[in-house]
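The block underneath contains the structure these notes are about, expressed in structure tokens.
Read-outs: derived from the displayed coordinates by stated rules, not from any lab. No experiment lies behind these values; they were computed from the predicted model shown. Note that each Cβ is placed from the backbone with ideal geometry, even for glycine, and that neighbours are counted across all protein chains shown.
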Amino acid sequence: MPFLVWKTIGGKKRLVMRWNKRINGKARITKEIYIGDMENLARIVTGHVDVDAYSLSFGTTASILLMERDIGIRSLIDEIVGHNGTGMSPGDYFLLFIMNRLSDPESKSGIERWMPGDFASTLYGKKGSQDFWNLMDRITDEHMHLIMKAVSEKVRAMGYDFSRIFVDASTMYTFMEENDMARKGHNKKHRYDLNQISYYIAANYDYIPLFWNAYAGNVHDSKTFPDMVRQIPEDSIIIFDRGYNSADNVRLIENRKYIGALVLSDHSDLLDLPVGEDSFIETEKTVYGRKHRIILYHSSKLQRKRIISFMKKFRKAYIRTRNMVESGDSDSMERAMSYLESRNLNETIILPDMHVDHERMKRRLKLLGMNALFTDIADMSADAIIDLYRKRNRVEHCFRTINTMDIAFPIYHWTPQKIKVHMFMSLLAYLFLALIYNRMRSVDERVSLVSARDILNSVRIQYVLSGKEVTKKIDSASLEARRIAEELNLMSVA
């Protein structure tokens, strides 16, 4: 819905017509037209239109063009995929997709509706969904591998630290029917009724992904470990979660430095070690076919957090099991037992009288504050290794950002090939966001990975018309955003 506001431009008050749209729960200006003074408004009303200024969304698109100068992704993609025509090249399509994903995520057809209000419209003509689909049909697995490898080399050349690589995987559910990519698996949002797509990220401490890939939703995380390891620099320390634990995977990295975590319930002997509250103890043990340095530590902060989460789940499971038992159905006991087994509570809640084994409960709660790390690193203190493993949540933050900002979701494609290309382009968009965030942090340390996009989305470019002259100017309701835009010199790409 359009509305009028007064705005001071060049010391004079001017009428501005704005259009707002709620994006991710926040009202954002999607379009502005500068009307001028009351006399000019009268001319518009009487049919003598003389609009003297307008504005476009600018911050996000400009920052992407700024990063493009360092990475040169357009030319990289054009060289790998090939471009012989005079129109938009494959690299241009990738950039346009990234601009939309980080500004106002839309379907491929929705990009055409988004463009007129964004600075991207000054760079490219209108492009419909069919244009993107035609390009996606051209992109092969080999193309994506070569693009990612070339981009990763560019990012490393920019001086970011990749001596420590955090690897993890996530899933996103989809309403599409089952195919080679969309499969049922262990969904982290517990939507086991839906098919899902899995993807991994190998990122550094600064949230910057060095490599990424999407794969079928029914493939276990540990099966993708070899694919990741092949691409990680040999001198990097690999920090990984329990989902990647296996003798084959440990054998694969036996000549590298790594840190992993044990499933404590599988190593009950470690629980007998005398580790105090908020302290650690070291030992050695053969796990996954090799002798490792084991660091068992306790964290009261971690324990409190886990106990709160566990007790919520326990209470819900107890009530649901009791309702099953009391239902009187002929298979109620069988269903209750199966449910408790699925929640790993069959030895804690005893059927049929719903008795709670308090000794086992006490042991479980003790486990919640403990972690056991295994590593082959001998020349690093236990404190440093524990701290490094705790920083693994950096890659988890990457996933949260991708999900909360809808950078990859929803997926409007139905064929496995297009799904893979969409995921590749979306994760490439996240890489740009991470790079932009780090550049913004050098200007203002208060900027977060999530707030970076909101700040940039508030930055607009004004075009003020005076005769044949056009004056361009950065504008934002936020002083912080204007300062960051000026420090980054976003106008240099206008």
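Nearest 5 percent is fine: what portion of the DSSP beta bridges confined to segment 235-297 is antiparallel?
Details: 8 of 11 bridges.
So the antiparallel bridges in segment 235-297 amount to around 75 percent.
Which shape class applies to segment 70-121: rounded if a/c is under 1.5, otherwise prolate when a/b exceeds b/c and oblate if not, where a ≥ b ≥ c are the square roots of the Cα gyration tensor eigenvalues?
Details: a/c = 2.32, a/b = 1.78, b/c = 1.30.
Judged from the Cα gyration tensor, segment 70-121 comes out prolate (a/c at least 1.5, a/b above b/c).
Specify whether the C-alpha gyration tensor of segment 301-367 places it in the rounded, prolate or oblate class, a ≥ b ≥ c being the square roots of the eigenvalues: rounded for a/c under 1.5, otherwise prolate if a/b is larger than b/c and oblate if not. All intermediate terms of the calculation are to be shown ahead of the outcome.
On the way: a/c = 2.78, a/b = 2.11, b/c = 1.32.
Prolate, because a/c is 1.5 or more and a/b exceeds b/c.
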Counting other beta carbons within 10 Å of each residue's own, what order do Phe399, Phe58 fall into, fewest first? Phe399, Phe58
24 Å Cα-Cα reach of Lys13 towards lysines, excluding residues that sit fewer than 8 places from it in its own chain: Lys31, Lys468, Lys472, Lys473
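Lys13 to Glu487: extension gain in nm, 0.36 nm per residue of separation minus the Cα-Cα distance?
Contour length minus Cα-Cα distance gives 167.9 nm.
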Using Cα atoms only, what is the angle between the long axis of helix 300-326 and the major principal axis of the chain, expressed in degrees (0 to 90) to the nearest 10? 80 degrees
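Which order results if Thr140, Thr174 are arranged by neighbouring Cβ count within 10 Å, fewest first?
Working: Thr140 14, Thr174 21.
With the fewest neighbours first, Thr140, Thr174 line up as Thr140, Thr174.
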As I understand it, the value is the acute angle between the Cα axis of helix 332-342 and the longest principal axis of the Cα atoms of the chain; what does it come to in degrees, rounded to 10? 70 degrees
Given that just one value was derived from the coordinates, which of [x] -0.37, -1.16; [y] -0.34, -1.12; [z] -0.29, -1.16 is log10 I(q)/I(0) by the Debye sum over Cα atoms at q = 0.06, 0.12 Å⁻¹? [x]
In terms of the alpha carbon gyration tensor, root eigenvalues a ≥ b ≥ c, rounded if a/c is under 1.5 and otherwise prolate when a/b exceeds b/c or oblate, segment 182-281 is oblate
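Report the gain in length on full extension from Arg306 to Ser265: 0.36 nm times residue separation, minus Cα-Cα distance, nm rounded to one decimal. Walk me through the numbers before you get to the answer.
Values: separation 41, 0.36 × 41 = 14.76 nm, distance 1.55 nm.
Answer, rounded to one decimal: 13.2 nm.
Return Ser170, Ser75 ranked ascending by Cβ neighbour count within 10 Å, so the fewest neighbours appear first. Mind showing how you got there, number by number?
On the way: Ser170 21, Ser75 14.
By the 10 Å Cβ count, ascending: Ser75, Ser170.
Going through the cross-link list Lys108/Lys154; Lys257/Lys420; Lys257/Lys366; Lys305/Lys366, which pairs have a Cα-Cα distance over 21 Å in this structure?
Values: Lys108/Lys154 28 Å; Lys257/Lys420 31 Å; Lys257/Lys366 30 Å; Lys305/Lys366 13 Å.
Flagged as over cut-off: Lys108/Lys154; Lys257/Lys420; Lys257/Lys366.
Report the calculated FRET efficiency for Ala157 and Met38 (r = Cβ-Cβ distance, R0 = 60 Å), to the nearest 0.05.
Working: r = 56 Å, r/R0 = 0.93.
So, using R0 = 60 Å, E works out to roughly 0.60.
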Note on segment 439-494: contact order normalised by length, alpha-carbon pairs under 8 Å, 6 or more apart, percent, works out to 32 percent
In degrees from 0 to 90, rounded to the nearest 10, what is the angle of the helix 141-157 Cα long axis to the longest principal axis of the chain? 80 degrees
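What number comes out for the charge environment of Met380, summing +1 per Lys or Arg and -1 per Asp or Glu over other residues with Cβ under 15 Å away?
On the way: positive: Arg164, Arg256, Lys257, Arg293, Arg390, Lys391; negative: Asp235, Glu282, Asp376, Asp379, Asp383, Asp387.
Surrounding charge for Met380 is 0.
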By how many nm would the segment from Ser121 to Asn20 grow when fully extended, if each residue of separation counts as 0.36 nm and the alpha-carbon distance is taken off? 34.5 nm
Taking the Cβ of Gly91 as the centre, find all other residues whose Cβ is under 11 Å away and add up their charges (Lys, Arg: +1; Asp, Glu: -1). -3
Step through the residues of segment 81-97 one at a time and calculate ³J(HN,Hα) from phi using the Karplus curve (6.51 cos²θ - 1.76 cosθ + 1.60, θ = phi - 60°), rounding each to whole Hz and writing x for Gly and Pro. 7, x, 8, 10, x, 10, x, 4, 8, x, x, 5, 4, 4, 5, 4, 4
Could you compute the FRET efficiency for Ala27 and Ala384, with r as their C-beta to C-beta distance and R0 at 51 Å, rounded to 0.05? 0.65
